[in-house]
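These notes concern the structure reproduced below.
The values are calculated or read from the model by the stated rules, or taken from the named source; none is laboratory data. Bear in mind the structure is a predicted one, so any value in this text is a computation, not a measurement. Note: ideal-geometry Cβ built from the backbone for every residue, glycine included; neighbour counts use all protein chains shown.
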Amino acid sequence: MALDDTSDARAPKVTLRRYRAVFISDVHLGSRGCKADCLLDFLHHVESDYLYLVGDIVDGWRLKKRWFWPDKHHEILHKLLARARQGTRVVYLPGNHDEALRSWIGRSFDGVRILHDVIHHTADGRRLLVIHGDAFDGVIADMRWLARLGSLAYESALAVNTGVNTVRRWLGLGYWPISQLLKDQVKAAVNFIDNFEQSLAAEARRRAVCGVVCGHVHKPEMRQIEGVLYLNDGDWVESCSALVEHGDGRLELLDWARQRRLDLLTVGPMVRPGGAGKAAIAA
C-alpha cells in the first residue's frame, strides 16, 4: 500500500523538548484515575537520553480486583517500551502497585532494565538515588491491609474529584485536585509525607549521594532537607508532573497540564464556557 505523503504534510508540526533524563512515576495504568491523555501528550512532545520509570507504572492492585485496560493505556505502555528500542536508556524501578515485577529485578525486558533502585549521575557530576519509596512508608511496610484500604479510599476521593471538577468546568473554573488539597490540610497526611521525605533524605545521606528521586506519595516536590536534595516526580493521576534533567545537569519539575494549559477532564485547551476558545489558566 502506498503511503499518503500529503496527509503527513498537512499534519501539525510538533515542537519536541529534548532532555538528558526524564523521571516519571505513579502512572497507574489499569486504573480509571490514570490521566492517560495527558501522559500521551507528554510522550508526544518529550524525548530524553535516559527514562526512569519510578514505580507504580501499572496498577496491579486495581487490575486484580477488576480488569480495566483501555486502548490508551496499551498505547502508553507501547510508547514506553518503544523508547528503549529507539536508543533511550530505560530503567523500570517497580513500586508497591506493580510489585509483581520485582521478581524480575536484575533482568531486562525488551531493552528495559528492571532494578530495585539505581544511582543516576547528572551532567554536572551529582549522584542521585532513584527509588520508588514505598519501603520508607511504614504503612506499606508493616500494615499492607491498611495500605490497600487507603488505596480504596483514595480511589473514592478521585471519583468525587472528577464529579466536582466537571461542575467547576461548567462554571468556568479551573481544575481543583481535591485529594491534593486534603493532603495539604489534614495534619496526619502532612506528618506522614514529612516523615516519608525525612526517611528518604536519611537514606540518601547513608548512601553518600547528593539527593534522592522518588514517587509513591503523589506529591511533586523539590527541596533541600538537611543538605540533601529531595525530588519527588509526582504522578499522572492528579498532578500530571515529571522531573527532568536538562543537558547541563539542571533539574526541573514540570507541571505538564499547567504548562500545556490542558483541561484534565478533556485534555484539550482550557476554555471558559462561552469564551470563544480563549485559553484560561487553571484557578
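Key figures
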quantity: Residue check for His132: under 14 Å from His216 (Cβ atoms), modelled with pLDDT under 95 and surrounded by 19 or more Cβ atoms within 10 Å (Cβ to Cβ); calculated: no
quantity: Yes/no for His121 being surrounded by fewer than 18 Cβ atoms within 10 Å (Cβ to Cβ), within 18 Å of Val213 (Cβ to Cβ) and out of contact with any helix residue (DSSP H, G or I) (no Cβ under 9 Å at 6 or more places or on another chain); calculated: yes
quantity: Residue list for segment 55-91, filter: acidic (Asp, Glu) and part of a helix (DSSP H, G or I); calculated: Asp71, Glu75
quantity: Criterion (at pLDDT 55 or above and either under 15 Å from Val54 (Cβ atoms) or surrounded by fewer than 18 Cβ atoms within 10 Å (Cβ to Cβ) (or both)) met by exactly one of Arg148, Arg206, Arg169, Arg144; calculated: Arg206
quantity: Residues (surrounded by 14 or more Cβ atoms within 10 Å (Cβ to Cβ), closer than 12 Å to His28 by Cα and more than 17 Å from the chain's Cα centre (by Cα)) located in segment 63-85; calculated: Leu63, Phe68
quantity: Close pairs (6 angstrom Cβ cut-off, 6 or more residues apart or separate chains): over 11 Å from Ala242 (Cβ atoms) in segment 17-46, aliphatic (A, V, I, L, M) and in a strand (DSSP E or B) anywhere; calculated: Leu29/Val58; Gly30/Val58
